[in-house]
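Data block below; observations after.
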Amino acid sequence: MAYSKKVMDHFANPRNVGKMDNADGVGEVGNAKCGDIMKVYLKVDDDIITDVKFNTFGCASAIATSSIATEMIKGKNLQEALSLSNKAVVDALDGLPPSKVHCSVLAEEAVKAAISDYYIRNNIAHDSELFKCTGCCNSCDNL
């Protein structure tokens, strides 16, 4: 399967790329097998993600999934952002080659890690089970 036009667009023109100083939550995940590393920064105001940035070291799929995931959660409340799934990321990109689906899992887990960090920084009670690594891509053995 070739890359879709959306994957190529988000790879060549990533949205929301960059570091965020004074982020309210930061999540970082990686996959030791492929070397992809994703870091997501959140700015949260009254439970709404008002800004989101990412830095990704990886292949075209890793960059594209990071980019589209940030677009999908910006403006959403934290609960809505937590419902982001790797399948929704893949669908939003009009598909990924099977060997690259792990990148969408990393994007999902980077978002969850950033939200978890936000909750921890703000002493907000939350169900830690929602943030457990799925083990799909070995990202729990991350950085």
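None of the figures in this text is laboratory data; all of them are computed from the coordinates on show. Since the model is a prediction, treat every value here as computed from it, not as a measurement. Cβ atoms come from the backbone with ideal geometry, glycine included; neighbour counts cover every protein chain shown.
Some points to look at:
- For Ser61, Ser116, Ser66, Ser83, order by how many other beta-carbon atoms lie within 10 Å, fewest first: Ser83, Ser116, Ser61, Ser66
- Sites excluded, trypsin sites (Lys or Arg not before Pro) in DSSP loops with at most 12 other C-beta within 10 Å, longest stretch of the chain: 34-131
- Two-site FRET efficiency, Asp9 against Ala32, from Cβ-Cβ distance with R₀ of 41 Å, rounded to 0.05: 0.90
- Rounded to the nearest 10 degrees, the angle from helix 60-73 to the longest Cα principal axis of the chain is 40 degrees.
- By other beta-carbon atoms within 10 Å, ranking Val26, Val17 with the fewest at the front produces Val17, Val26.
- Computed helical MRE - 222 nm, the chain, DSSP H runs ≥ 4 contributing -39500 (n - 2.57), nearest 500: -11500 deg cm²/dmol
- Signed unit charges on C-beta, dipole axis of the chain, positive-most listed residue Val105, Met8, Ile120: Met8
- Computed across segment 1-99, the Kirkwood radius stands at 13.7 Å (inverse of mean 1/r, all Cα pairs).
- By the count of neighbouring beta-carbon atoms within 10 Å, fewest first, Cys103, Cys59 end up ordered Cys59, Cys103.
- Unit charges on C-beta of K, R, D, E only; dipole of the chain, Debye: 440
- Net charge dipole, segment 17-97: roughly 300 debye, given to the nearest 20, about the Cα centre with Cβ charges of +1 for Lys and Arg and -1 for Asp and Glu.
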